[in-house]
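**Q** Dropping a structure here in structure tokens format, bear with me for questions.
The numbers here are math on the coordinates, done by the rules we state, and not lab data. For clarity, every value in this text was computed on a predicted model and none was experimentally measured. Positions of Cβ are generated from backbone atoms using ideal geometry, with glycine treated the same way; all protein chains shown enter the neighbour counts.
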């Protein structure tokens with residue numbers, strides 16, 4: 001049995017809401033830096049990571065300072081990661097899929113010519 | 001004051017209340033202290049008791065001869081700035097909009113809250129209205145001692 | 001090269017409204033949206049809208065998005081929708097380069113409506129880049145679209161309508177809002193929004209801003225500082241608030257880049273959020289057959305964006321030789337609605353900005 005990872009020890013999923021209803025969706029399994037995690041169908045990769053307690057998404061290019069979720073709509077680039085081997089994917093705009101391999105790029109970001 | 005702290009003081013609140021003898025019947029109290037482009041209170045009133053006019057920035061004016069205290073404006077106001085008030089014997093009864101969880105049940109005793117967010121006293125939940133018309137804004141009828149007429153604004157779960 | 005009649009860039013309130021009127025007029029429309037779904041920021045707005053009936057007042061933003069999308073359904077034979085597609089370039093010869101599914105696709109249009117909206121402004125303070133510091137839009141996205149709380153204890157910076165609304169939405173989601181900070185000496189947004197928060201026990205601290213954030217890989221606390229009425233920090237007034245999220249809501253700036261790139265004449269108007277296209281009274285920019293509407297033409301409420309979208313759709317269709325059957329009455333009606341939305345004291349800043357931009361209102 002695989003143990004699924006939760007850094008914060010508590011899920012951030014909203015259970016009940018006075019205005020919105022969040023449909024129960026199928027669970028999706030993925031890995032982040034090799035650690036198995038669970039998200040749900042309809043999550044973006046970044047949203048699923050946040051629910052798993054992951055706050056540190058990348059490092060700044062010059063001074064290598066930690067960066068987290070900032071804009072969530074594809075403007076800022078601070079959530080870019082390597083997804084299924086492809087670099088610089090905007091994880092806030094990319095829907096999670098079963099079996100995805102997600103890796104933070106931290107200090108190994110390259111900009112292809 | 002309200003511009004700096006976000007709540008109306010009693011003096012300002014009183015300008016929005018009719019005389020107490022009018023409140024023997026339920027009447028809408030419209031706490032719209034600013035000209036903003038908005039008119040659902042006017043268009044939602046089944047008795048044409050609320051007047052804004054063609055410039056939707058005007059503040060609403062209520063005709064207490066026409067207002068029945070039905071509460072249609074309470075859940076229609078996007079600013080949650082309208083309540084219905086009534087005085088019966090030694091208690092004040094209010095219909096207020098509520099958009100949080102949990103929702104109280106009839107008969108519950110919750111905290112009565114003032115405009116600054118402070119606990120005033122106990123509030124008895126008299127009834128709870130929630131249907132397709134209120135569109136997920138619950139209208140709670142609660143009662144408090146009469147002395148809190150100008151202070152009460154909402155209820156809060158005691159837990 | 002894909003050749004099209006009318007291309008609309010952006011599927012938010014302005015773009016969807018423009019599409020509807022252009023389709024009613026008989027145009028063929030290609031609507032290009034960067035996100036997975038249409039609706040723009042409306043899909044995160046859980047509150048009932050202000051305005052009047054024509055701008056869907058008292059309907060929740062999430063439901064307005066559904067209505068606007070549903071309104072396009074009768075025209076499916078003339079409507080092409082591309083989602084997950086980002087317009088990355090616009091050229092003076094009406095060519096758009098669209099990035100979609102790891103490919104670049106070139107489009108050429110007879111007319112273009114730019115409805116790209118806005119992006120959030122940022123605030124300079126010590127350690128403003130620690131994970132846990134978000135734009136207000138990100139918090140709305142995370143919370144209202146994906147159902148995930150951004151943190152347990154949040155401090156909000158900015159008391160404009162967005163800051164106040166998002167604070168209220170955080171409480172609805174079960175998050176504790178510790179304070180709303182406002183650098184000015186008064187609340188920026190509608191007082192009714194502020195009162196909703198204060199009665200829930202959230203303090204709004206005017207003349208106060210964030211001085212620095214603490215934490216290494218995630219936010220732990222923030223220091224606030226009071227400002228005098230000349231925006232000078234008051235020595236010794238620092239206070240610390242423990243929080244795991246800080247939300248920045250200090251305004252928006254128009255996403256003008258495509259228009260700038262195409263060489264459209266631009267003007268910087270502080271009151272409208274930054275760089276905006278100059279446009280004539282028919283919403284046409286300096287580039288013939290290129291129209292702009294919504295926040296990209298200056299930051300306002302979504303209600304105004306919807307009306308502006310209708311105007312741009314009406315005018316673009318007419319410029320393509322397909323005037324709406326009720327062109328004259330619609331034009332009068334839409335401009336009347338827009339004037340009405342802007343004419344109160346809350347519209348002073350917008351009116352001042354539009355005047356500087358040389359636009360008559």
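**Q** Relative contact order of the range A:27-104, please, whole-number percent, based on alpha carbon pairs below 8 angstrom and at least 6 residues apart.
**A** 38
**Q** At residue C:333 and residue C:242, where each label point lies 7 Å from the Cα along Cα→Cβ, what is the point-to-point distance in nanometres?
**A** 5.7
**Q** Using the 10 angstrom Cβ neighbour count as an exposure proxy, how do C:256, B:58 rank, fewest first?
**A** Going from sparsest to densest Cβ surroundings: B:58, C:256.
**Q** With n ≥ 4 as the cut-off for DSSP H runs, can you work out [θ] at 222 nm for chain C, using -39500 (n - 2.57) per run divided by the number of residues, rounded to the nearest 500?
**A** -8000 deg cm²/dmol
**Q** Let me ask another. Could you work out how much longer the chain between residue C:53 and residue C:37 gets when fully extended? Use 0.36 nm per residue separation minus the Cα distance between them, nm to one decimal.
**A** Length difference between fully extended and current span is 3.2 nm.
**Q** Quantify how much of the Cα-Cα distance distribution of chain C extends past 33 Å, in percent.
**A** For chain C, the share of Cα pairs beyond 33 Å comes to 31 percent.
**Q** Given springs between every Cα pair under 10 Å in a Gaussian network model of chain C, which of C:33, C:326, C:242 has the largest fluctuation?
**A** Largest GNM mean-square fluctuation: C:326.
**Q** Can you tell me, using C-alpha contacts under 8 Å and at least 6 residues apart, the relative contact order of chain C as a whole percent?
**A** Answer for chain C is 20 percent.
**Q** Next up: When C:122, C:50 are ordered from fewest to most other Cβ atoms inside 10 Å of their Cβ, what list results?
**A** The order, fewest Cβ neighbours first, is C:122, C:50.
**Q** Calculate the mean, over all residues of peptide C:180-190, of how many other protein chain Cβ atoms lie within 10 angstrom of the residue's Cβ.
**A** Mean partner shielding for this stretch: 3.
**Q** Sticking to Cα atoms, compute the Rg of the range C:122-248 to one decimal and its Dmax as the biggest Cα-Cα distance, whole number, in Å.
**A** In order Rg, Dmax, the Cα atoms of the range C:122-248 give 13.6, 42 Å.
**Q** So for the range C:122-248, averaging the separation of alpha carbon pairs under 8 Å that are six or more residues apart and normalising by length, what relative contact order in percent results?
**A** 31
**Q** Is the shape of the protein assembly as shown best called rounded, prolate or oblate, per the rule: a/c under 1.5 gives rounded, else a/b larger than b/c gives prolate, else oblate, with a ≥ b ≥ c the square roots of the Cα gyration tensor eigenvalues?
**A** It is oblate, given that a/c is not under 1.5 and a/b is not larger than b/c.
**Q** Let me ask another. Using Cα centres only, tell me the gap between the range B:73-141 and the range C:240-286 in whole Å.
**A** Using only Cα atoms, the two centres lie 40 Å from each other.
**Q** Rounded, prolate or oblate: which fits the range C:202-254, taking a ≥ b ≥ c as square roots of the Cα gyration tensor eigenvalues, rounded meaning a/c under 1.5, else prolate when a/b beats b/c?
**A** oblate
**Q** Moving on. Which order do C:100, C:249 fall in if you start with the one that has the fewest other Cβ atoms within 10 Å?
**A** Arranged by neighbour count, lowest to highest, C:100, C:249 become C:100, C:249.
**Q** Expressed in whole Å with the largest first, what are the equivalent ellipsoid semi-axes of the range B:21-106 derived from the C-alpha gyration tensor as the square root of 5 times each eigenvalue?
**A** The three semi-axes for the range B:21-106 are 22, 17, 10 Å.
**Q** Another question, if that's okay. Would you please classify the overall shape of chain B from the alpha carbon gyration tensor, given that a ≥ b ≥ c denote the square roots of the eigenvalues, rounded means a/c under 1.5, and beyond that prolate means a/b larger than b/c while oblate covers the rest?
**A** rounded
**Q** For n ≥ 4 DSSP H runs only, could you compute -39500 (n - 2.57) per run for chain B, divide by its residues and tell me the 222 nm figure to the nearest 500?
**A** Mean residue ellipticity, 222 nm, calculated: -2000 deg cm²/dmol.
**Q** Compute the FRET efficiency between residue B:129 and residue C:95 as 1/(1 + (r/R0)^6), taking r as their Cβ-Cβ distance and R0 = 56 Å, and round to the nearest 0.05.
**A** Approximately 0.50, to the nearest 0.05.
**Q** Let me test this: with uniform point scatterers at the alpha carbons of the range A:27-104, what is the Debye-based log₁₀ I(q)/I(0) at q = 0.14 1/Å?
**A** -0.38
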